[in-house]
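J.: Once you've had a glance at the structure underneath, I'll fire off some questions.
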Amino acid sequence: MKYHIVTYGCQMNLHESEKIAGVLKETGYTEPSSLEEADIIVFNTCCIRENAENHAFGNIGALKKLKREKKGLLIAVGGCMVQEAGKAKLLKDKFPFIDILFGTHNLNELRALIERKKAQKKSVISLLEERGETEDGVTPVRTSYPNAWVNITYGCNNFCTYCIVPYVRGRERSRRAEDILGEVQALVSEGYKEITLLGQNVDSYRGEDGTTFPELLDRVASIEGKFRVRFMTSHPKDFTEELVAVMKKHDKICKHLHLPVQSGNDRILKLMNRRYTREKYLSDLALLRREIPDCEVTTDLIVAFPTETEEEFEDTLSLVEEADLSSAFTFIYSPRTGTKAAEMEGRIDEDVAKDRITRLIALVNAKTREKSAKYVGRTVEILCEDFDEKKGMYLGRDEYGRMGYFKSDKCRIGEFVDLKITEANGISLYGEEA
Ligand code: 5AD
Ligand code: SF4
């Protein structure tokens, strides 16, 4: 019995799919396969922007024929989109061939749902309001070696006005520090070389004994062994000197901070309910760079938030320069039903939005190229994670998140390699072993 999982969205979802694979294994689906060969196909959906939903709708719809032709094939759809108000019903009405619909809080229940479906003809729909336990009780089938994802928090309490996450992932819950440390220790013993701590807002982590995020990070990075630590996502409103001090203290912690700013304009930041100002963001980065001069910062940016003027958009452009950002994920604002911003007046024209994002991407790419070029001639340590068939080269990331490519006669996946950089191209570096 084989399984195929289609994942949309963020790292949180990628890791959740590893846990879904773990549940499927326990249920008797022993190996992953192509979509056509699978006995069960699971879609793990995302709803952060409209296009993520459209993708899923298209791909689920395309399975109608396969489902009709292949007796016994199960199709399950889960994750954020299913958890959205009214979406499970919409999916069921549009695609009656879906066997199982489950939300973001019922991973523990998935096995029972599959068994229930096998015993009945009717499809099974199960949505829970909130996550019960913070432990999933499942061993994930990890697919990102040498990196391992580790959840530290679930959900979000921030309610940024554009964002649907708090509605579909529920209130914030922190895992017990002991559980997290135990998991990291086991992963390092198994040979994982990079641990990425995951949370919608890692900085607001609070352990059962009051452990803060910097304290947790300190304890994770104090575990013996040669490995790297990354974390995401941070929120500028929660940036602290303690965090910087811990990053500085440990070589194991990558000198890279992903700090989504969303906009460079204070009026828009206020409308977004972000609870910091441009000035605070810039002064926090100044502190970070005073303490850790080589630390690189990346961000997320949204253009065309309701009522955003040309001048306000230009504040975002100037912030990219002023904050000396290395790279950014850039998005056009997408209204999400149920969020505050979706009710706001002053939607921006699609043409204007497209023009703004094009200009923003051009600037961000120029910044990335400028930053990468400085690496030519330097030696950086990369953690080799894959082999690129097309290029015929191994690849891995440096601690700042750049991809480094190199040739080697033998498999290097999972090894730390010192690369002398000979060429830079956008976010990619090319080099030779030093
Ligand atoms: N429209 C556009 N971008 C969004 N993001 C979150 N919600 C929306 C939305 N409604 C972006 C933010 C966030 C990233 C994960 O997705 O930039 O940091
Ligand atoms: Fe969404 Fe804001 Fe929470 Fe991030 S911090 S998940 S953008 S509500």
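Here is a yes/no grid of residues against (1) more than 14 Å from Leu128 (Cα to Cα); (2) part of a helix (DSSP H, G or I):
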residue	(1), (2)
Lys65	yes, yes
Gly72	yes, no
Val77	yes, no
Val82	no, yes
Lys89	yes, yes
Asp93	yes, yes
Ile98	yes, no
Thr104	no, no
Ile114	yes, yes
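J.: In this structure, is Leu110 modelled with pLDDT of 95 or more, under 27 Å from the mean Cα position of the chain (by Cα) and surrounded by 17 or more Cβ atoms within 10 Å (Cβ to Cβ)?
T.: No: the conditions fail for Leu110.
J.: Mind counting the residues in the stretch 147-163 that are in contact with a Leu (Cβ under 7 Å, 6 or more places away or on another chain) and near ligand 2 (Cβ under 9 Å from one of its atoms)?
T.: Total satisfying the criteria: 1.
J.: Do you know which of the residues in the stretch 164-190 that are in a loop (DSSP other than H, G, I, E, B) and open to solvent by 20 Å² or more (accessible area, probe 1.4 Å) is nearest to ligand 2 (Cβ to nearest atom)?
T.: Glu172
J.: Can you tell me which residue within the stretch 120-163, out of those that are in a loop (DSSP other than H, G, I, E, B) and among the aliphatic types (A, V, I, L, M), is least open to solvent (accessible area, probe 1.4 Å)?
T.: Looking at the filtered set, the residue picked out is Ile152.
J.: Sticking with this one: Does Phe387 fit the bill of being touching a strand residue (DSSP E or B) at 6+ places or on another chain (Cβ under 6 Å), assigned to a strand (DSSP E or B) and touching a residue at least 60 places away in the same chain (Cβ under 8 Å)? Quick ask: steps written out before the conclusion?
T.: Numbers: touching a strand residue (DSSP E or B) at 6+ places or on another chain (Cβ under 6 Å): yes; assigned to a strand (DSSP E or B): yes; touching a residue at least 60 places away in the same chain (Cβ under 8 Å): no.
So Phe387 fails the test.
J.: Which residue pairs have Cβ atoms under 8 Å apart, sit 6 or more places apart or on different chains, and have a first residue in the stretch 304-317 that is in contact (Cβ under 8 Å) with a residue 24 or more places away in the chain and a second that is open to solvent by 50 Å² or more (accessible area, probe 1.4 Å) and assigned to a helix (DSSP H, G or I)?
T.: Hits for this filter: Ala304/Val352; Phe305/Leu271; Pro306/Leu271; Thr307/Leu271; Glu312/Arg267; Leu317/Arg359.
J.: Next question. Listed residues Glu321, Glu311, Glu291, Glu279; which is touching a Leu at 6+ places or on another chain (Cβ under 8 Å), open to solvent by 10 Å² or more (accessible area, probe 1.4 Å), more than 28 Å from Cys47 (Cα to Cα) and more than 15 Å from ligand 1 (Cβ to nearest atom)? Even if it seems obvious, please write down each step before you answer.
T.: Numbers: Glu311 fails: touching a Leu at 6+ places or on another chain (Cβ under 8 Å); Glu291 fails: touching a Leu at 6+ places or on another chain (Cβ under 8 Å); Glu279 fails: touching a Leu at 6+ places or on another chain (Cβ under 8 Å).
Among Glu321, Glu311, Glu291, Glu279, only Glu321 is touching a Leu at 6+ places or on another chain (Cβ under 8 Å), open to solvent by 10 Å² or more (accessible area, probe 1.4 Å), more than 28 Å from Cys47 (Cα to Cα) and more than 15 Å from ligand 1 (Cβ to nearest atom).
J.: Sticking with this structure for a sec: Name the single residue that is nearest to Phe102 (Cα to Cα) among those in the stretch 150-171 being in contact with a strand residue (DSSP E or B) (Cβ under 8 Å, 6 or more places away or on another chain) and within 16 Å of ligand 1 (Cβ to nearest atom).
T.: Arg169
J.: Right, another one. β-branched (Val, Ile, Thr), under 26 Å from Met81 (Cα atoms), open to solvent by 20 Å² or more (accessible area, probe 1.4 Å) and out of contact with any helix residue (DSSP H, G or I) (no Cβ under 6 Å at 6 or more places or on another chain) - does that describe any residue in the stretch 336-347? Give the derivation first.
T.: Our first condition is that a residue be β-branched (Val, Ile, Thr); within the stretch 336-347, this holds for 337, 339.
From what's left, under 26 Å from Met81 (Cα atoms): 337, 339.
Imposing the further condition that a residue be open to solvent by 20 Å² or more (accessible area, probe 1.4 Å) reduces the set to 337.
Okay, now just the ones that are also out of contact with any helix residue (DSSP H, G or I) (no Cβ under 6 Å at 6 or more places or on another chain), so 337.
Yes, that holds for at least one residue.
The values are calculated or read from the model by the stated rules, or taken from the named source; none is laboratory data. Bear in mind the structure is a predicted one, so any value in this text is a computation, not a measurement. Here the Cβ is made from the backbone with ideal geometry for all residues, glycine too, and neighbour counts use every protein chain on show. SASA here: full protein model, heavy atoms, side chains in, ligands and nucleic acids out. Shrake-Rupley method; radii C 1.70, N 1.55, O 1.52, S 1.80 Å.
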